[in-house]
Ligand SMILES: Cc1ncc(COP(=O)(O)O)c(C=O)c1O
């Protein structure tokens with residue numbers, strides 16, 4: 001950077017680093033590479049015709065709402081629709097607690113600005129969603145990392161932290177089919193966590209973009225619904241949802257359901273961010289979804305991703321050398337590999353790119369800097385044939401790295 005600008009970048013912004021995933025996405029745009037790196041939905045499932053019809057309807061039935069500035073809180077009919085979805089999930093939230101955001105990513109950004117002072121403690125699962133760490137880079141929190149296992153967040157470990165005096169501003173948790181590991185917070189732990197939140201006055205930010213992508217059993221009840229069950233309303237939990245995984249991420253439409261006590265402050269912050277989430281995208285989302293599109297569309301997504309998850313699990317079972325472990329997610333878009341201690345996933349990525357396959361090394365999902373021997377694989381975006389081929393390529397990359405080490 002030249003002298004004019006170098007001394008002028010704000011302290012918070014000067015420390016920002018580019019996302020390992022965004023950088024990788026540029027590389028994997030080359031067609032010879034099979035990419036398990038991104039978190040992209042399968043494009044062949046985008047309901048293009050329904051969205052085209054919705055855009056026409058929106059322009060004919062509600063041209064002003066579609067093209068004019070709108071309320072910061074969001075487009076009224078869309079907020080009502082979201083409220084009905086949340087009611088179905090067991091939440092007692094009213095429409096005046098729903099803020100429409102530009103994807104749930106903007107919800108994370110707003111929450112960071114609202115609740116994090118530099119140096120303030122924030123509890124996160126480790127590993128956690130890289131995009132949240134990025135959103136909060138300029139807030140410079142002090143992360144308290146809570147371990148996770150097959151059943152999600154280790155609630156007993158969190159309880160020990162709280163009992164020892166830790167007082168995080170909030171706990172951030174991806175409660176279903178977590179990004180990056182694919183694990184889900186077990187029902188019993190959910191109840192314990194909500195009780196813990198009540199006992200220690202701990203706010204929880206529940207990020208739930210994947211909850212509807214379940215391939216076994218049923219939709220898991222969100223923490224936000226258990227919070228409502230205990231208190232009759234949203235008290236401890238701020239709940240984030242999105243249309244990105246169920247409809248199309250290009251719309252950039254998500255929502256924040258927040259306790260009444262902080263709702264108006266979130267809205268005031270958002271006024272300064274963007275005045276309002278794009279009116280056109282909101283109207284389109286509403287007209288596409290108002291007659292139950294998501295209920296018809298979600299089973300199609302689940303069926304395809306279920307097949308792809310199974311294909312990846314089968315291929316891993318067939319091809320992975322001994323000593324490598326992986327999660328078996330019951331939904332979502334990712335699974336998580338752990339290489340033997342001492343292996344370096346970043347080094348493996350070089351061999352993997354040579355072999356024509358990409359993944360995301362796991363270290364960047366770890367605020368503590370651990371996890372050098374871990375990696376995230378996406379199974380939603382590649383065909384079963386590509387998954388089969390890509391896992392074979394990955395296995396040969398591991399062998400190439402091992403022979404280099406020998
Ligand atoms: C856990 C998690 N939260 C938030 C997001 C952001 O989603 P959106 O497209 O709604 O901004 C993602 C996207 O991958 C995610 O995995």
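Between residue 11 and residue 290, the distance separating the two model label sites (each 7 Å from Cα on the Cα→Cβ line) works out to 5.0 nm. The ranking of 366, 92 from fewest to most other beta carbons within 10 Å of each one's beta carbon is 92, 366. Residue order for 294, 193, fewest other beta carbons within 10 angstrom first, comes to 294, 193. The gain in end-to-end length when the residue 19 to residue 325 segment is fully stretched comes to 107.6 nm, 0.36 nm per residue minus the alpha carbon separation. Take every Cα-Cα distance within the chain, group them into 20 Å bins from 0 onward, and report for each bin the whole-number percent of pairs it holds. Spelled out per bin, shortest first, that is 26, 57, 16, 0. Between the alpha-carbon centres of segment 258-313 and segment 343-363 there is a gap of 32 Å. Modelled label positions at residue 137 and residue 160, each set 7 Å beyond Cα in the direction of Cβ, lie 3.3 nm from each other. With helices as the sole contributors, the chain gives -14000 deg cm²/dmol at 222 nm; each DSSP H run of n ≥ 4 counts as -39500 (n - 2.57), and the sum is divided by every residue.
Using the Cβ-Cβ distance between residue 201 and residue 302 with R0 set to 22 Å, the FRET efficiency works out to roughly 0.05. The order of the peptides 367-374, 199-206, 240-247, 267-274 by mean Cβ neighbours within 10 Å, most packed first, is 240-247, 199-206, 367-374, 267-274.
The relative contact order of the chain, computed from alpha carbon pairs under 8 Å that lie at least 6 residues apart in sequence, is 23 percent. Axis of helix 103-115 versus longest Cα principal axis of the chain: the two differ by about 80°, to the nearest ten degrees. In this rough spin-label picture, where each label sits 7 Å from Cα along the Cβ direction, the residue 32-residue 218 distance is 5.1 nm.
Every pair of different Cα atoms in segment 117-158 enters the Kirkwood calculation, which places the hydrodynamic radius at 10.9 Å.
Extension gain for the segment residue 399 to residue 42, taken as residue separation times 0.36 nm less the Cα-Cα distance, is 125.5 nm to one decimal. Over all directions, the projected convex hull of the C-alpha atoms in segment 1-82 averages 10.7 nm² in area.
Can you tell me the FRET efficiency between residue 347 and residue 265 if r is taken as the Cβ-Cβ distance and R0 is 41 Å, rounded to the nearest 0.05? According to the calculation, E is roughly 0.35. Of 261, 157, 311, the residue with the greatest mean-square motion in the GNM of the chain, using alpha carbon springs below 10 Å, is 261. Across 234, 108, 293, mean-square fluctuation computed from a Gaussian network of the chain (C-alpha pairs under 10 Å connected) peaks at 293. Against the chain, whose longest principal axis comes from its Cα atoms, helix 187-200 is set at around 60 degrees.
The fewest-to-most ranking of 148, 98 by surrounding Cβ atoms within 10 Å reads 148, 98.
Taken together, the values in this text are just the output of simple stated rules run on the coordinates, not laboratory data. From a predicted model like this one, the values you see are computed outputs, not experimental measurements. Virtual Cβ from ideal backbone geometry, glycine too; neighbours counted across all protein chains shown.
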